[in-house]
Amino acid sequence: MRNPLFQLDPVPRMPPRNAPDSAPVSEFGRAVRAGLAGRPRSISPKFFYDAAGSQLFDRICELPEYYPTRTELGILEARAGDIAAHIGPNAEIVEFGAGSLTKVRLLLDALETPRRYLPIDISGEHLEGAAARLRADYPQLAVQPIVADYTMPLVLPAAAPGAGSRVGFFPGSTLGNFQPDEALAFLQLAARLLRGGGLLIGVDLVKDPALLHAAYNDADGVTAAFNLNLLRRANEELGADFDLAGFAHAAFYNAPRQRIEMHLASLRPQTVRIGEEAFVFEEGETLHTEYSHKFTVDGLRALAVRAGFRPAAVWTDPDRLFSVHWLAA
Ligand code: AVJ
């Protein structure tokens, strides 16, 4: 499977038993070496989000060209009452890839007596602080962060007494980062986990390629900096010697595949070293860093049906840029 956002391989790769007793190789280090050795070269977008990358992503969300975040927030805000009616009282919310726990507040404000909130994220650092702030603002809500990879079969804590249905929350069109087969696998997993409840999911829609192109090629170059930050991170954490001026941000819409592709293109022939290893780039050779799939409303609903959901409601903005779906499980 090429370029998974979240690794589907459940077996942690151990260093060979006769490896010298040196510093453990990080997951990022393994992924970068394997990604540079492979063809086509590729690194998972999950590695974008170190502290600097997360800050750059927050700046992307503020850009005039990057419509998804503000459009989704607008839909959640405008339709909160209707969404809450579908979800019902006493819900237990499970958020996949929770990050800074901001979007869920719109939901919590609209729901009738939400009981418990389980934000799942691979990175535990952000999670505890964000959970503490949420507890302070919602004293009636039990907030139980779970540090886990949510593409793996997951055991959730037993339902609280008197709990209503279990509701998944997966905003931000993160589903679009998966390959189609991975997206189906994730939705199948979610359908099993949320049986009796449902999934509230936000996905970006297919639209005028010019708008898509602009959203990933902003005038201020923030998206370019976000993409190149991967190389800066490799230099900092792995001691790589990427020349950031020797690579260019390349993002384009692949219309037949309905996805934005992001790559880093080598501007000249060059050799990059990481420790003992050398990786030769031809001029123009690319390193793939992200897919961002776009969906039609019908396409997402058909995918959801294949995964075992019953699509029950969909909300979009007036310009039909973005969609939020309630999928009953
Ligand atoms: C948060 C993964 C949905 O694909 O639009 C923004 C990340 N990449 N600009 C997206 C991103 C480039 C974003 N997702």
Taking Cα centroids, how far is the range 284-329 from the range 173-247 in Å?
14 Å
Whole-percent tail of the Cα-Cα distance distribution for the chain, cut at 36 Å, equals 21 percent
Karplus couplings for the range 195-200 from phi (6.51 cos²θ - 1.76 cosθ + 1.60, θ = phi - 60°), rounded to Hz, Gly and Pro as x?
3, x, x, x, 10, 9
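What's the carbon and sulfur percent of the chain's accessible surface, probe 1.4 angstrom, rounded to a whole number?
Whole-percent figure for carbon plus sulfur exposure: 54.
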Which value, in Å² rounded to 10, gives the accessible area of L303 with a 1.4 Å probe and all protein chains present?
20 Å²
Net charge over other residues, Cβ less than 13 angstrom from the Cβ of S54 (K, R count +1; D, E count -1)
-1
Quick check on the chain: of the DSSP beta bridges with both residues there, what percent are antiparallel, nearest 5%?
65 percent
Computed [θ] at 222 nm, deg cm²/dmol, the chain (DSSP H ≥ 4; -39,500 (n - 2.57); rounded to nearest 500):
-10500 deg cm²/dmol
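Using R₀ = 45 Å, calculate the FRET efficiency as 1/(1 + (r/R₀)^6) where r is the Cβ-Cβ separation of R257 and Q144; round to 0.05.
It comes out at approximately 0.75.
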Can you tell me which of P318, P119, P171 moves the most in a GNM of the chain? Springs connect C-alpha atoms under 10 Å apart.
P318
How far apart, in nm, are two points set 7 Å out from the Cα along the Cα-to-Cβ line at E237 and at A219?
3.4 nm
Tally Lys and Arg at +1 and Asp and Glu at -1 over the other residues with C-beta under 12 Å from the C-beta of E92: what net charge comes out?
+2
Could you run the Karplus curve 6.51 cos²θ - 1.76 cosθ + 1.60 with θ = phi - 60° over the range 138-143 and give me ³J(HN,Hα) per residue in whole Hz, x for Gly and Pro?
10, x, 7, 9, 7, 10
Against the longest principal axis of the chain, how steep is helix 222-238, in degrees 0 to 90 to the nearest 10, with axes from Cα atoms?
60 degrees
Given backbone amide H placed at 1.01 Å from N, residues whose amide H is under 5 Å from that of G168, ignoring those fewer than 5 places away on the same chain, are V94, G198, L199, L200
Could you tell me how many degrees, from 0 to 90 and to the nearest 10, lie between the Cα long axis of helix 124-137 and the main elongation axis, the longest principal axis, of the Cα atoms of the chain?
30 degrees
Starting from the residue with the highest accessible area, list S100, S292 in decreasing order, probe 1.4 Å.
S100, S292
Picking from N235, N227, N177, which is most flexible by a Gaussian network model of the chain using Cα springs under 10 Å?
N235
Heavy-atom accessible area per residue of the chain, all protein chains kept, 1.4 Å probe, expressed in Å², is 46 Å²
Highest-fluctuation residue, A250, A34, A307 considered, GNM on the chain with Cα pairs under 10 Å:
A34
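The values are calculated or read from the model by the stated rules, or taken from the named source; none is laboratory data. Not measured: the values here are computed from a predicted model. Cβ sites come from the backbone with ideal geometry, for glycine too, and all protein chains shown count toward neighbours. SASA here: full protein model, heavy atoms, side chains in, ligands and nucleic acids out. Shrake-Rupley method; radii C 1.70, N 1.55, O 1.52, S 1.80 Å.
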